[in-house]
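One structure below.
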Amino acid sequence: MNKNAIIITSVGMVIGIAEALLYYNLGQSAGGKFSYKIPPTKEFLKTAGVVLVTSILTAGISGFIESRFQDDKKQIA
């Protein structure tokens, strides 16, 4: 895994977890006063797993697209 993939995956994880926690709390407080809490451990780990997989996929797809653009640049030069 190269440096860019690690950065993209890490940023994706942080933003993804924050977003997931926000949605969790919005759902928990639907119709009432908003409160912030962490979900039960098992549920949080499932959520973190999904966010990790999507972050890795995002990094992989981003790397693939970036390499395609670099290949096109090399052919033009």
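When only the Cβ of Lys, Arg, Asp and Glu is charged (+1, +1, -1, -1), the dipole of region 3-76 relative to its Cα centre reaches about 160 debye. Taking all Cα pairs closer than 8 Å and separated by 6 or more residues, the relative contact order of the chain comes to 47 percent. Put simply, when 55-65, 35-45 are sorted by average Cβ atoms within 10 angstrom per residue, most first, you get 55-65, 35-45.
Think of region 3-76 as a dipole: +1 on every Lys or Arg Cβ, -1 on every Asp or Glu Cβ, centred on the Cα centre; then among 51, 34, 4, 34 lies furthest on the positive end. Taking the C-alpha atoms only, the angle from helix 41-76 to the longest principal axis of the chain is near 20 degrees.
Considering the chain at the alpha-carbon level, its Rg and Dmax are found to be 17.6, 60 Å. Against the chain, whose longest principal axis is taken from its Cα atoms, helix 3-28 shows a tilt of about 20°.
Throughout, read-outs are computed from the coordinates displayed, never taken from laboratory work. What you see is a predicted model, and the numbers here were worked out from it, not measured in a lab. Here Cβ is always computed from backbone atoms with ideal geometry, including for glycine, and neighbour counts include all displayed protein chains.
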